[in-house]
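Student: My questions all concern the structure below.
The values are calculated or read from the model by the stated rules, or taken from the named source; none is laboratory data. Predicted model, so just to flag it, every value in this text is computed and none were measured. Quick reminder, even Gly has a Cβ in these numbers, built from the backbone with ideal geometry, and neighbours come from all protein chains shown. In case anyone asks, the SASA skips ligands and DNA or RNA and just uses the protein heavy atoms, side chains included. Shrake-Rupley method; radii C 1.70, N 1.55, O 1.52, S 1.80 Å.
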Amino acid sequence: MKIAFIGLGNMGGGMAANLVKAGHEVNAFDLSEEALATAKSNGCETFADPGEAVQGVDGVVTMLPNGEIVKSVYEGSVIGKAPQGSVLLDCSTIDVATAKDVSAAAEAAGYDMVDAPVSGGIAAANGGTLTFMVGGTEKAFGRAEEVLQAMGKAVIHAGDAGAGQTAKICNNMLLAISMIGTAEAMKMAERLGLDPQKFYEISSQSSGYCWSLNAYTPMPGVGVESPADKDYKGGFATGLMLKDLRLAMEAAQTADASTPLGAHAKELYEQFAKDNAGLDFSAIIRTL
Ligand code: NAD
């Protein structure tokens with residue numbers, strides 16, 4: 001397929017390279033010259049204008065910072081510019097309402113569109129092992145699947161337009177809560193005189209088992225190797241976790257859902273992000 005890829009940052013750069021590796025022709029556009037130069041060295045054809053990058057393609061993939069930018073790129077450079085009938089995939093993490101609006105506008109103009117946010121960070125984007133949670137019609141999902149499979153290890157149809165974003169923010173709200181809970185329990189065990197490694201050994205095989213403890217242990221030198229062992233560098237940035245928690249709380253309010261722990265997790269990450277937005281989100285253990 002011929003695919004336009006817009007947004008070649010930390011995540012999009014590796015994803016576009018994996019589309020090339022899978023045999024797709026990739027037209028790349030980004031506002032950053034540096035991102036374009038890397039895309040070129042990875043085998044993409046680069047363009048100075050997004051409207052030109054989408055000419056003659058079968059599909060468009062976007063990986064952009066937020067909902068406002070996604071809306072402006074689709075309204076200004078994709079809808080009405082990419083060939084009618086092409087399949088559009090927004091892999092950015094954005095608010096549910098904007099995802100639904102952009103999909104509706106795309107469908108009204110004759111495109112199939114999915115929201116397909118990802119789980120997995122930069123390493124998974126580079127390695128082609130992302131998990132995609134996809135919102136859209138059966139037909140749109142069917143068309144998007146082949147493209148997504150070249151960039152991920154799992155592609156799951158979550159439901160109608162917006163369902164991918166819903167799955168993503170609910171998952172990340174759960175992750176934030178479970179990370180704070182894991183950190184709290186580890187620090188309390190230590191404070192009570194229990195060796196944290198012993199606590200890890202016990203709880204990771206007991207009902208305290210969870211991804212934050214078992215696969216991403218937030219205390220240096222304890223449990224599995226994780227960003228904690230690299231001074232909380234790399235991994236999933238606190239600033240991005242805060243972004244997802246804000247999206248989750250906005251959505252909870254719209255749906256009148258009760259999320260007391262999600263709200264508290266957002267407050268704690270808001271506080272922590274003031275001076276630590278670039279550290280991995282598990283570094284919140286330092287506040288306990
Ligand atoms: P990034 O800031 O590294 O990349 C975004 C890219 O978009 C940049 O290269 C920027 O120049 C480009 N851009 C901005 N406005 C543009 C426009 N109008 N036209 C074209 N290009 C434009 O961000 P990232 O870490 O790659 O994240 C991208 C998305 O993926 C975000 O929505 C983020 O929440 C989500 N995400 C990130 C991670 C992660 O670990 N980094 C994990 C999961 C999901």
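Student: Out of the residues in segment 118-163 that are open to solvent by 40 Å² or more (accessible area, probe 1.4 Å) and in a strand (DSSP E or B), state the one that is farthest from the ligand (Cβ to nearest atom).
Tutor: If we take residues in segment 118-163 being open to solvent by 40 Å² or more (accessible area, probe 1.4 Å) and in a strand (DSSP E or B), then 157 is farthest from the ligand (Cβ to nearest atom).
Student: Within segment 171-181, track down each residue that is over 20 Å from residue 158 (Cβ atoms) and either surrounded by fewer than 17 Cβ atoms within 10 Å (Cβ to Cβ) or free of Cβ contacts under 8 Å to residues at least 40 places away in the same chain (or both).
Tutor: Listed by number, the residues that qualify are 178, 181.
Student: Here are some conditions: (1) buried (at least 18 other Cβ atoms within 10 Å of the Cβ); (2) out of contact with any strand residue (DSSP E or B) (no Cβ under 6 Å at 6 or more places or on another chain). Residue 207 meets all but one. Which one does it not meet?
Tutor: The one condition residue 207 does not meet is (1).
Student: Can you tell me which residues in segment 244-288 are open to solvent by 50 Å² or more (accessible area, probe 1.4 Å) and within 13 Å of the ligand (Cβ to nearest atom)?
Tutor: If the condition is that a residue be open to solvent by 50 Å² or more (accessible area, probe 1.4 Å) and within 13 Å of the ligand (Cβ to nearest atom), then 246, 278 are the ones that fit.
Student: Kindly indicate whether any position in segment 263-277 is in contact with a helix residue (DSSP H, G or I) (Cβ under 9 Å, 6 or more places away or on another chain) and assigned to a loop (DSSP other than H, G, I, E, B).
Tutor: yes
Student: Give all pairs with beta carbons closer than 8 Å in which a residue from segment 104-131 that is modelled with pLDDT of 95 or more meets a residue that is away from the ligand (no atom under 13 Å from the Cβ) and among the aromatic types (Phe, Trp, Tyr); count only pairs at least 6 apart in sequence or on separate chains.
Tutor: Note: pairs meeting the criteria are 114/141.
Student: Does residue 232 qualify as being open to solvent by less than 70 Å² (accessible area, probe 1.4 Å), in contact with an Asp or Glu (Cβ under 7 Å, 6 or more places away or on another chain) and part of a loop (DSSP other than H, G, I, E, B)?
Tutor: Considered against the rule, which asks whether it is open to solvent by less than 70 Å² (accessible area, probe 1.4 Å), in contact with an Asp or Glu (Cβ under 7 Å, 6 or more places away or on another chain) and part of a loop (DSSP other than H, G, I, E, B), residue 232 comes out as yes.
Student: Which residues, taken from segment 4-58, are under 20 Å from the mean Cα position of the chain (by Cα), open to solvent by less than 60 Å² (accessible area, probe 1.4 Å) and touching a residue at least 60 places away in the same chain (Cβ under 8 Å)?
Tutor: Within segment 4-58, 4, 6, 7, 11, 12, 13, 14, 15, 17, 18, 19 qualify.
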